[in-house]
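The values are calculated or read from the model by the stated rules, or taken from the named source; none is laboratory data. Please read these numbers as outputs of a predicted model, since none were measured by experiment. Ideal geometry is used to build each Cβ from the backbone, glycine not excepted, and the neighbour counts take in all protein chains shown. Just so you know, the surface numbers come from the protein's heavy atoms only, side chains and all, with ligands and any DNA or RNA stripped out. Shrake-Rupley method; radii C 1.70, N 1.55, O 1.52, S 1.80 Å.
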Amino acid sequence: MQPVRVAWLLALALAVAVGGWALLALLAPQGIRPGPVPVLADAVVLLIAAGTLVAGLRVRAYLRGRRPGLDPVIAARTAVLAQAAALTGALLVGWYGAQLLVALPDLDIAVFASRARAAGVAVLCALVLAVVGVVVERWCRIDSPHDDEPGDGQPA
């Protein structure tokens, strides 16, 4: 499994933001606008980020020799969880960013100002999820010693 690249996450967030903004801008003249982002959505995103961070700390402690006997399957699942968190965070940053962009022109209207604030908070929560995913994925990386690499006389 290749580690996720930050540039790829930024490109993904930007593509979703631009695409989501275009879609929402096309629907706005028909009176179709997204509702406010519920606080529960922010709480769930932060809860997933916290769970990913806790799982990553367990793997990190094992790799530093502070926690003996961690099952390798758990470490692999944590790495996959971290990558999924990074990708999900990038997608959500883009989507909530698009909602924020659509609400910005109408900030003088209280309803849209409230929606813009809710979308802004959701962008920050999703950004936390993406950053935690990238960091935990890096923690789960195990560098193989040069002796075990194929081509050094050792069978693959």
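Excluding ligands, DNA and RNA, what is the solvent-accessible area per residue of the stretch 52-150 at a probe of 1.4 Å, expressed in Å²? Spell out each step's value before the answer.
Numbers: 5540 Å² over 99 residues.
On a per-residue basis, the stretch 52-150 sits at 56 Å².
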For the chain, the dipole about the Cα centre with charges only on Cβ (Lys and Arg +1, Asp and Glu -1), to the nearest 20 debye, works out at 440 debye
Along the dipole axis of the stretch 1-69 (charges at Cβ: +1 for Lys and Arg, -1 for Asp and Glu; origin at the Cα centre), the most positive-end residue among 47, 59, 22 is 59
Reviewing [x] 30, 17, 14; [y] 40, 17, 9; [z] 41, 27, 14, the figure for semi-axes √(5λ) of the Cα gyration tensor in Å actually calculated from this model sits under [y]
Under the 7 Å Cα-to-Cβ spin-label approximation, residue 73 and residue 110 lie apart by a distance in nanometres of 5.6 nm
Between the alpha carbon centres of the stretch 70-99 and the stretch 38-58 the gap in Å comes to 10 Å
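At 222 nm, what helix-only mean residue ellipticity would the chain give, in deg cm²/dmol to the nearest 500, using -39500 (n - 2.57) for each DSSP H run of four or more?
-25000 deg cm²/dmol
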